[in-house]
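The values are calculated or read from the model by the stated rules, or taken from the named source; none is laboratory data. Quick caveat, the model's predicted, so the values are computed rather than measured. Please note: Cβ atoms are built from the backbone with ideal geometry, for glycine as well, and neighbour counts cover all protein chains shown.
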Amino acid sequence: MSFPDLLPLGWSDQWVALLHEVPHPEAVPGRVVRHDGSRVLVALPEPRSLAVAPGVDAPVVGDWVAVVDDSVVAVLPRRSLLRRRDSHADAEQALAANVDAVLIVCGLDRPVRGGKLQRVAALAWDAGAVPVVVLTKADLADGVDEIVAEVREAVQEVDVLVVSATDGTGLEDVRAAARDRTVVLLGESGAGKSTLVNALVGDDVAATGAVRSGDSKGRHTTTTRQLHPLPGGGVLLDSPGIRAVGLWVDPDAVDAVFPDIEALAADCRFRDCAHAEEPGCAVQAAVASGQVPAGRFEAWRSMRREAMAAAETVRERRQKNRQFGRIAREAQRMKDR
């Protein structure tokens, strides 16, 4: 059960144990490396495009799956799931499974927006992954130290790496962050993700494109999420550029992005303080004194409100599903009489 060909993709004793729990003793393991429409490309001793058996939950890139013949018959329990709010529906959109770190890629040839960094960091913390900010195109920017300081203020307690794939600056730091991990690159189009992937993999595995000179925006040269083993160990998941970062996370993931506010909340008079108009609110006092910038507090409040709305949607749907289940069971009992 060693499957040496899967070791570079993260196969380990943990997955061996989970495979043993699948009710298909003849199944072999594989990892989903790409979606091909209704099928998935699965890394086995030889990569194969496979159908998903009826009744099996749809796998996402990064999933470990059990395969029998030409079908995925089970998805192994996930260690983590990176997700966001679907841009077309009030629902969750899964981005990648079994991710250890999220590399938030921002090009220094354009403004670096702290608000977007905070939102992607929340997605990472929610997944149980570690966010890392990667500032690319360092060879095109002035005042890099000031930008890094602003980023560290926006996303506190998160590593910030400065990279230039053109001259090799910072690439070893990124390799170290990815070593023996599954890492996913997230960032908007034109941020330099594909160029970074090619530099790290050591081959032209990702298409690159030019950016517009007027606003530094790029086209979606990457159109699907795909896994790439790294020469020094680890797995890199490239992904299409993202514009909107809708939150579909636990509210605690938002608090993890704002550790300063979370620490202050411990000194509020009331344990359930909402940091609005309650007396003895340590957070509001810190905002009034300037210790916490008002904009930072508003970002926390807005993101937490969005996360709580998503949690409420999930609760409502579960309640409706339970109600429908009770109605269906009662109808079946009446039919059986």
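Being modelled with pLDDT of 95 or more and outside any loop (DSSP other than H, G, I, E, B) is the filter here; which residues of region 154-167 pass it? Those that are modelled with pLDDT of 95 or more and outside any loop (DSSP other than H, G, I, E, B): Ala154, Asp159, Val160, Leu161, Val162. Hey, any hits in region 129-150 for a residue that's modelled with pLDDT under 95 and within 30 Å of Val75 (Cα to Cα)? No, region 129-150 contains no residue that is modelled with pLDDT under 95 and within 30 Å of Val75 (Cα to Cα).
Looking at region 199-215, which of the residues that are buried (at least 18 other Cβ atoms within 10 Å of the Cβ) and not β-branched (Val, Ile, Thr) is modelled with the lowest pLDDT? Selected residue: Ala206.
The lone criterion from (1) of a type outside the set (D, E, K, R); (2) without any contact (Cβ under 8 Å) to a residue 40 or more places away in the chain; (3) in contact with a strand residue (DSSP E or B) (Cβ under 9 Å, 6 or more places away or on another chain) left unmet by Gly295 is number (3).
With respect to being in contact with a Gly (Cβ under 8 Å, 6 or more places away or on another chain), hydrophobic (A, V, I, L, M, F, W, C) and either closer than 17 Å to Gly115 by Cβ or assigned to a helix (DSSP H, G or I) (or both), Ala199 fits the description. Residue count for region 247-276 satisfying the condition of being touching a His at 6+ places or on another chain (Cβ under 9 Å) and closer than 28 Å to Ala91 by Cα: 0. Beta carbons closer than 7 Å, at least 6 apart along the sequence or on distinct chains, pair a first residue in region 61-80 that is within 19 Å of Glu26 (Cα to Cα) with a second that is acidic (Asp, Glu) and part of a loop (DSSP other than H, G, I, E, B) for Val68/Glu26; Val75/Asp57; Val75/Asp63. Taken as a whole, the condition of being touching a residue at least 60 places away in the same chain (Cβ under 8 Å), surrounded by 15 or more Cβ atoms within 10 Å (Cβ to Cβ) and in a strand (DSSP E or B) does not apply to Val174. Close contacts from region 243-266, counting a first residue that is in the same structural domain as Met308 (by TED's automatic domain parsing) and among the β-branched types (Val, Ile, Thr) and a second that is surrounded by 15 or more Cβ atoms within 10 Å (Cβ to Cβ) and part of a loop (DSSP other than H, G, I, E, B), with Cβ to Cβ under 7 Å and a gap of 6+ residues or different chains, come to Val257/Val155; Ile261/Val292. Every condition in (1) out of contact with any Pro (no Cβ under 7 Å at 6 or more places or on another chain); (2) at pLDDT 90 or above; (3) surrounded by 14 or more Cβ atoms within 10 Å (Cβ to Cβ) holds for Val16 except the one numbered (3). Assessment of region 300-313 against the conditions (surrounded by fewer than 17 Cβ atoms within 10 Å (Cβ to Cβ), under 23 Å from Ala129 (Cα atoms) and polar (S, T, N, Q)) yields at least one matching residue. Selection over region 91-109 of residues that are in a loop (DSSP other than H, G, I, E, B) and in contact with a Lys or Arg (Cβ under 8 Å, 6 or more places away or on another chain) gives a count of 5. Of all residues in region 119-137, those satisfying the criterion of being surrounded by 22 or more Cβ atoms within 10 Å (Cβ to Cβ) and in a helix (DSSP H, G or I) are Arg119, Val120, Ala121, Ala122, Leu123, Ala124, Asp126, Ala127.
Which members of region 267-284 meet the condition of being in a loop (DSSP other than H, G, I, E, B), free of Cβ contacts under 8 Å to residues at least 24 places away in the same chain and either outside the structural domain of Gly295 (by TED's automatic domain parsing) or surrounded by 10 or more Cβ atoms within 10 Å (Cβ to Cβ) (or both)? Give the steps one after another, and end with the answer.
Taking region 267-284 first, the residues in a loop (DSSP other than H, G, I, E, B) are 267-281.
Restricting the remaining residues to those that are free of Cβ contacts under 8 Å to residues at least 24 places away in the same chain gives 267-274, 276-281.
Passing the criteria: Asp267, Cys268, Arg269, Phe270, Cys273, Ala274, Glu278, Gly280, Cys281.
Here Glu146 clears all of (1) out of contact with any strand residue (DSSP E or B) (no Cβ under 9 Å at 6 or more places or on another chain); (2) assigned to a helix (DSSP H, G or I); (3) within 27 Å of Arg305 (Cβ to Cβ) except the condition numbered (3).
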